[in-house]
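Engineer: Let me begin by handing over the structure; questions about it come next.
Rule-based calculations on the coordinates, nothing more; no lab input. Only a predicted model underlies this, so the values are computations on that prediction, with no experimental measurement involved. Note: ideal-geometry Cβ built from the backbone for every residue, glycine included; neighbour counts use all protein chains shown.
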Amino acid sequence: MARVFALSDLHVDFADNMQQMMSLSDHEYTDDVLLVAGDVSDRISRLSQLLGSLKRKFRKVAFVPGNHELWLRDDDSDNSLEKFSRLLALCEQLGVHTEPFKVGQNDRAVWIVPLYSWYRTEDADEYSLVIPKEGERWEKCLWMDKYRCRWPESLGADAYGPADYFLALNNEKIERRYDAPIISFSHFLPRKELIFEDSAMVKRFCEKDAFIPRSTRDPAPMFNFTRVAGCKRLDLQIRALGATVHVYGHQHRHRNRKIDGITYVSNCLGYAREREHLGAQVAPKLLWEDGVFVEPAEVS
Ligand SMILES: [Fe+2]
């Protein structure tokens, strides 16, 4: 009897996070599938160690790279796309799924569809998730992807290049026919609403011409997370696919929210300092068990 679980943002460069992952049961998940929605480590050796360990604990593991995986180090690849190719090759070598696969049989089956993604930093675009923030200075703020990721010139100089590139890699997966319900997963967010904690904030910040006001308690006044959150075109792909559940990561927030018929789930390990809010022990989240999706989701 197979089950499907999800977890993201493992950040195993931190010893406590690696310890939590290594201490997952060796026996509890041997018939199960784990979806790892990115941000495991920027070091290929550590990613390999972690995925190898998960492969021994779970029957199947599926993975999509996050932004941290595409950070370059001195001895790394020439650019982040080259590193992306190396990561896919590593997954193939380890037997970690990056392509669609089916779990279960007949009327108790589900398809798992990994989707690649990136974010759009500009707000003048219908696919952007950006909500302007009072006092932000994107060009000045310290966002490590700016320094650690490097894109080839072929991607173009504009801020849509990486997002459009990765989404285009999903086209074949979207156009395929699937004969069972679908769980898709990505690292980045597909919708603005998911950025916010509750329905009041969604209503306030997701309306046309909304902006995020300056706050005296803001620890990073120049930084605006919505510039690096994700891309609405990803949501169009999820809907064209017909997914029942979509898993994502990146923001380090737990979500389980149904929007226009699709349940969006985020279940992240995050950083130790965040786990006071996220819960001290974060376990893989059960999504599906023997033909049945686990409900309920909050509806908004
Ligand atoms: Fe991330």
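Engineer: Karplus couplings for segment 59-74 from phi (6.51 cos²θ - 1.76 cosθ + 1.60, θ = phi - 60°), rounded to Hz, Gly and Pro as x?
Structural biologist: 5, 9, 10, 10, 9, 10, x, x, 5, 4, 5, 8, 5, 9, 10, 3
Engineer: So what is the calculated 222 nm ellipticity per residue for the chain, using -39500 (n - 2.57) for each DSSP H run with n of 4 or more, over all residues, to the nearest 500 deg cm²/dmol?
Structural biologist: For the chain, the value works out to -7000 deg cm²/dmol.
Engineer: Run the quick spin-label model on R108 and R46: label points 7 Å from Cα toward the beta carbon, then report their separation in nm to one decimal.
Structural biologist: Rounded to a tenth, the inter-label distance reads 4.0 nm.
Engineer: Quickly rank 9-16, 26-33 as a protection proxy: mean count of other C-beta atoms within 10 Å, highest first.
Structural biologist: The peptides rank, most packed first, as 9-16, 26-33.
Engineer: Label 7 Å along Cα→Cβ of K146; segment 213-257 residues with amide nitrogen under 15 Å?
Structural biologist: Counting only backbone N, you get 220-229.
Engineer: If you restrict to DSSP beta bridges whose two residues both lie in segment 3-299, what percentage is antiparallel, to the nearest 5?
Structural biologist: For segment 3-299, the DSSP antiparallel bridge percentage is about 40.
Engineer: Next up: What's the FRET efficiency of D218 with L94 using the Cβ-Cβ distance as r and R₀ = 45 Å, to the nearest 0.05?
Structural biologist: 0.65
Engineer: So, one more: Taking R0 as 51 Å, what's the FRET efficiency between T30 and E82 from their Cβ-Cβ distance, rounded to 0.05?
Structural biologist: 0.90
Engineer: Further, regarding this structure: Could you size up the charge dipole of segment 28-119 around its Cα centre, putting +1 on the beta carbon of Lys and Arg and -1 on that of Asp and Glu, and report it in debye to the nearest 20?
Structural biologist: That gives segment 28-119 a dipole magnitude of about 360 debye.
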